[in-house]
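The values are calculated or read from the model by the stated rules, or taken from the named source; none is laboratory data. Note that the structure is predicted; figures quoted are calculated from it, not measured. So basically every Cβ, Gly included, is an ideal-geometry build from the backbone, and we count neighbours across all protein chains shown.
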Amino acid sequence: MEGTVVPLLVTGLVGAVGFVGAWYAFVRYPGSILDLAGVLVVAAVTLVALWVGSRLAGSLVTPYTVAEVAVEGPIARESNRGVPGPAVGASADDVVEQIERADADPNAQALLVKLNTPGGEIVPSEDIRLAAEAFDGPTVGYATDVCASGGYDIAAGCDEIWAREGTLVGSIGVIGSRVNASDLADRLGLSYEGFTAGEYKDAGTPLKELDPREREYLQGLVDDYYDQFVDTVAEGRDLDREAVEETEARVFLGPDALERDLVDHLGTRDDVEASLADRLDEPVVVREFEPTRPLRERVRLGAQQVTYAFGAGLAGALDGDADGLRFRR
């Protein structure tokens with residue numbers, strides 16, 4: 001009880017100080033002309049003060065022992081904020097920053113990576129895996145609904161992997177895609193004329209057909225990425241390369257994934273925490289790390305979500321995949 005009363009008092013005190021200071025600065029002092037605007041500013045400053053107070057109060061609670069980061073949705077360098085609405089997907093830069101903050105915190109004795117992702121861009125996925133591998137302490141990947149492709153790349157960098165019986169695990173493969181709009185361009189009377197230096201500079205351009213040499217070149221890139229992925233999984237999971245290749249980029253339900261040594265254990269979140277408690281030889285207290293963003297960024301995201309609430313139907317119609325050749329795990 002005492003552990004919760006003190007943080008609440010700190011939060012309330014900081015919020016009250018922010019309210020009183022904002023009241024005198026923006027309402028009482030300017031007089032009646034700015035009363036309405038002042039009230040709005042007071043409300044905003046009070047909310048910020050409460051947030052600051054809650055952050056300060058968080059430092060007074062019982063120290064945690066396990067840091068948790070979440071990788072949810074498609075993986076990209078930045079999560080998709082191109083249209084108004086909630087951020088979609090996992091920002092690799094955000095996740096890496098969270099892991100590095102946890103690694104620098106002496107309270108974090110272990111790292112729990114919650115995975116629910118179909119994969120995504122190759123290098124961002126690798127960045128998260130490398131950050132997990134660099135964490136100074138035990139690392140556990142916990143797959144919930146889906147842990148596929150780039151998500152499994154990340155999981156392979158953890159010391160052990162847990163999944164549920166119904167989790168889809170695997171998809172150890174690479175896909176390269178392009179839109180072929182040459183027929184459409186012909187119908188519209190459009191033609192492609194490129195000015196390039198280098199034979200393969202415009203290989204994969206949507207407005208022209210691939211010739212056999214370009215197709216071989218692009219397939220070679222996909223094959224190279226695949227070889228890297230197989231090597232990563234084989235090393236991370238201590239498997240023969242042939243065993244990884246035999247998965248043929250399929251996904252497997254939890255029991256099948258366990259049989260193929262793609263995961264170490266099946267269980268619930270409680271089972272994962274119980275295992276961590278045994279491993280650390282002390283009770284597990286989990287702290288979920290979130291991205292640190294400046295106030296300006298939080299306000300911008302909040303405004304996007306408000307806009308999205310008025311026009312959510314339009315956002316679903318937008319998709320940015322048709323931008324040429326892409327490689328994904």
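Tabulated data
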item	result
Answer from D227, D271, D240 - the residue that is more than 25 Å from the chain's Cα centre (by Cα), at negative phi and not aliphatic (A, V, I, L, M)	D240
Tally, over region 199-212, of residues that are surrounded by 15 or more Cβ atoms within 10 Å (Cβ to Cβ), closer than 16 Å to G176 by Cβ and touching a helix residue (DSSP H, G or I) at 6+ places or on another chain (Cβ under 7 Å)	2
Flag for R215 being over 19 Å from S177 (Cβ atoms) and surrounded by 13 or more Cβ atoms within 10 Å (Cβ to Cβ)	no
Conditions (1) of a type in the set (D, E); (2) in a helix (DSSP H, G or I); (3) surrounded by fewer than 24 Cβ atoms within 10 Å (Cβ to Cβ); number of the one not met by D145	(2)
Per-region count, region 94-147, residues among the basic types (K, R) and within 24 Å of T167 (Cα to Cα)	2
Selection from region 205-264 of residues that are assigned to a loop (DSSP other than H, G, I, E, B) and among the β-branched types (V, I, T)	T205, T247, V263
Sole exception among (1) in a helix (DSSP H, G or I); (2) at pLDDT below 80 for T196, by number	(1)
Evaluation of S191 against (1) of a type in the set (G, A, S); (2) touching a Lys or Arg at 6+ places or on another chain (Cβ under 8 Å); (3) assigned to a loop (DSSP other than H, G, I, E, B) (one fails), failing number	(2)
